[in-house]
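Throughout, read-outs are computed from the coordinates displayed, never taken from laboratory work. Small disclaimer: the values here were computed from a predicted structure and weren't measured. Cβ atoms come from the backbone with ideal geometry, glycine included; neighbour counts cover every protein chain shown.
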Amino acid sequence: MNVISKLMSDGNITDLTDFANSHPAIPERIVEGRRQYRTIWISDVHLGTRGCNATMLIDFLDHVDSETMYLVGDIIDGWRLKKKFYWPSAHNDIVWRLLKRAKRGTRVIYIPGNHDEVFRQFSGLDFGGVSIRRQAIHETADGRRLLVLHGDEFDAITLTHRWLAHVGDVAYEFMMALNRWVNAYRRFFDLPYWSLSKHAKAKVKNAVEFISNYEEVVAQAAGSRGVNGVVCGHIHTAEFRDIGGVEYYNDGDWVEGCTALVEHFDGRMELIHWADEIARRELPDDAPGQARAGIEMMAA
Ligand SMILES: [Mn+2]
């Protein structure tokens, strides 16, 4: 079943339980001893676009498990789907994997973003074991309270729209296409995945200013609500830093960065860069330390 054409044609969301009972095109990998986390946060997957790194996300989902999983928005890119329908079976397989873990008992909380805002109208409801919320408060194992939201709420203040309009949709698309070419080339020569715009963003002064301004505004808003920290996505820049006593976490994206935020069972938080994890996994166990360090540098 193609879950997205079903949703778009008759909006029948109740069939999702049946969908979780069907079979994915890419079979789930049987990984012995999946990594266990207390909580996992992912966002900005942008299913329905060519930019989405579905292969990497499927690999991630088949290697990890958690008691709770937050989908922090822009999981499905409704904007682009409306313009041009693009839905490869790998994207269906991701939805299947997410619904499957809800069915297996993971508490899945979906906080729609601006690209999947069509789901915001279902806030407060539960479908196929997935709770849809506008935002959430997460309590860590050691009792810290974290506000979880997508983050587009702050666009008006941080002028994201103006910044994005300036950079332009077309330029971004071009960059993503270039990113795919660079990485196809790198794969051919057995080089690890490398994010083009991650490097470009770090070089462009305006982008750096915009990002730090955004982070401060979000942290300040969270602080005024009396929580210890905030988890968001939206700007595709994974980060963890203390801003005026408020923990700011951004779980990044699965377009280029391929990152997830996790909470360990003792409440410790960690940002996981999945491309690095794959590079590490593919290294033979007896590889000399120097080669290992080299790969980590390239993947950084
Ligand atoms: Mn967004």
_Extended-chain gain in nm, criterion 0.36 nm per residue less alpha-carbon gap, residue 177 and residue 283_ = 35.3 nm
*Which aspartates and glutamates does residue 84 reach when only Cα atoms under 14 Å apart count, and residues fewer than 8 places away in its own chain are ignored?*
173
*Pairwise label distance in nanometres, residue 209 with residue 30, each label 7 Å out on the Cα-Cβ vector*: 5.7 nm
*Spatially proximal aspartates and glutamates relative to residue 100 (Cα-Cα < 14 Å; intrachain offsets below 8 disregarded)*: 15, 18, 28, 62, 65, 67
*How far apart, in nm, are the 7 Å Cα→Cβ label points at residue 23 and residue 216?*
5.6 nm
_Pairwise over distinct Cα atoms, reciprocal of the mean inverse distance: report the Kirkwood radius of segment 1-148 in Å, one decimal place._
15.7 Å
*Excluding residue 101 itself, what net charge comes from residues whose Cβ is under 10 Å from its Cβ, given Lys and Arg +1 and Asp and Glu -1?*
+4
*In which sequence would 134, 144, 97 go, from the one with the fewest C-beta neighbours within 10 Å to the one with the most?*
134, 144, 97
*Stretched out fully, how many nm does the piece from residue 38 to residue 121 gain, at 0.36 nm a residue minus the Cα gap?*
27.0 nm
